[in-house]
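The values are calculated or read from the model by the stated rules, or taken from the named source; none is laboratory data. Here the structure is a predicted model, which is why all the values come from computation and not from measurement. So basically every Cβ, Gly included, is an ideal-geometry build from the backbone, and we count neighbours across all protein chains shown. These area figures cover heavy atoms from the full protein model, side chains too; ligands, DNA and RNA do not enter into them. Shrake-Rupley method; radii C 1.70, N 1.55, O 1.52, S 1.80 Å.
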Amino acid sequence: MSIQIASKTNTDSTASINVTGDKKVSSNLAAGQSTSETVATQAAKVTLSSQGLELAKSDTSEEVELSKLAEGAITKQKSVGVLPPPDMAAFEADAALPRGELYAKYEKAVASLTFHNQAELDRANAEVPKSDDPARLAQAKQATAYVIGKAPSPFPALSRNELAAIYYDYSGRYTSNERLAAAGQMNEMDKKFWDPLSVRAAQTEDWRAVLEAGLAAYDAALPIEKMKSPANYKQLMQQEIAYANNKKKGPIDEKQKETLLEMLNALYHKHGRTENERKVLGTDHTKNWSDKLAELANTQ
């Protein structure tokens with residue numbers, strides 16, 4: 001579920017859903033790679049999407065009813081919003097925790113979204129927030145509909161770190177499907193950013209921008225999400241970057257790097273962004289971010 005560029009020593013999975021019996025669903029949100037090409041390609045792969053989060057439905061009639069509920073919620077309120085907001089301060093404070101303690105927290109968050117049988121999936125699909133707020137209830141229904149591919153994401157306006165804060169929050173503030181919906185939205189964002197960037201790198205055989213972006217994305221991620229990567233991840237990435245720079249006789253152009261970092265900052269930290277970052281986000285609706293990088297390269 002995420003931008004995951006790591007060495008092959010990293011074999012963690014952020015979410016796996018295994019259903020015994022006739023149905024089986026699996027979502028691997030992190031995997032390890034060894035070379036820069038493999039690393040970048042795997043980083044662009046998305047294992048959860050609006051069509052790929054296939055939580056098992058109990059029967060067709062329930063699916064139709066859920067779809068109707070979601071459609072009604074969307075009609076009344078196009079942007080439900082997040083209620084309650086992600087606890088960003090708590091997740092950012094995790095940086096002070098020892099790695100072992102933070103990794104245990106990461107594993108607990110992942111385990112809380114691992115379903116072993118149909119009954120557990122049914123409970124997740126039926127879960128509702130402890131609230132009588134119509135907007136809050138509508139958001140949860142829309143999240144479930146999104147998870148089974150019947151509605152758009154309820155979280156389109158959130159930054160990637162806010163989505164991560166929802167996904168890793170196992171306190172009960174959010175339903176299981178709201179957390180899975182946050183993961184799906186993250187993957188949509190990752191796909192939009194990384195797919196074309198990786199394709200361009202493969203075409204040009206120049207992986208420097210991908211590697212620089214991978215390192216910057218790691219730095220921008222919440223501390224708990226960094227637990228998917230090995231402890232020496234930054235050192236490994238810096239070695240890859242040095243190798244790529246040596247191969248191409250130097251680093252990427254500074255203007256390209258500045259634009260790349262601005263884009264990633266907008267992706268991870270939408271709130272409180274600068275005017276330039278707002279312009280980047282506005283452009284994103286009509287132009288791919290990697291195309292913008294390509295244009296900069298062509299003007300050199």
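Checking each residue in the range 159-199 for being under 17 Å from ALA93 (Cβ atoms), open to solvent by 20 Å² or more (accessible area, probe 1.4 Å) and among the small types (Gly, Ala, Ser) picks out only SER171.
Among residues of the range 113-146 being in contact (Cβ under 8 Å) with a residue 60 or more places away in the chain and outside any helix (DSSP H, G or I), the one that is most open to solvent (accessible area, probe 1.4 Å) is HIS116. Out of LYS234, LYS255, LYS226, report the one residue that is assigned to a helix (DSSP H, G or I), open to solvent by 30 Å² or more (accessible area, probe 1.4 Å) and closer than 21 Å to ALA109 by Cα. None of the other options fit; the residue is LYS226. Cβ-Cβ distances below 9 Å connect the following pairs, each with a first residue in the range 157-172 that is under 16 Å from PHE193 (Cα atoms) and hydroxyl-bearing (Ser, Thr, Tyr), a second residue that is assigned to a helix (DSSP H, G or I) and open to solvent by less than 10 Å² (accessible area, probe 1.4 Å), and a separation of six or more residues or different chains: SER159/ALA266; SER159/LEU267; SER159/TYR268. For the condition over 23 Å from the mean Cα position of the chain (by Cα), at pLDDT 95 or above, more than 21 Å from MET186 (Cα to Cα) and of a type in the set (A, V, I, L, M, F, W, C), ALA242 qualifies. Please enumerate the residues belonging to the range 151-201 that are touching a His at 6+ places or on another chain (Cβ under 8 Å) and in a loop (DSSP other than H, G, I, E, B). Of everything in the range 151-201, just one residue is touching a His at 6+ places or on another chain (Cβ under 8 Å) and in a loop (DSSP other than H, G, I, E, B), namely SER159.
Applying a threshold of 8 Å to beta carbon distances and a minimum spacing of six or more residues, or different chains, the list of pairs starting in the range 222-248 at a residue that is within 12 Å of TRP207 (Cα to Cα) and ending at one that is surrounded by 14 or more Cβ atoms within 10 Å (Cβ to Cβ) and of a type in the set (D, E, K, R) reads ILE241/ARG208; ILE241/GLU212; ALA244/ASP206; ALA244/ARG208; ASN245/ARG208; LYS248/ASP206; LYS248/ARG208. Among the residues making up the range 258-270, those that are open to solvent by less than 60 Å² (accessible area, probe 1.4 Å) and either basic (Lys, Arg) or over 20 Å from ASN187 (Cβ atoms) (or both) are THR259, LEU260, GLU262, LYS270.
Being among the β-branched types (Val, Ile, Thr) and within 15 Å of the chain's Cα centre (by Cα) holds for only one residue in VAL128, VAL147, and it is VAL147.
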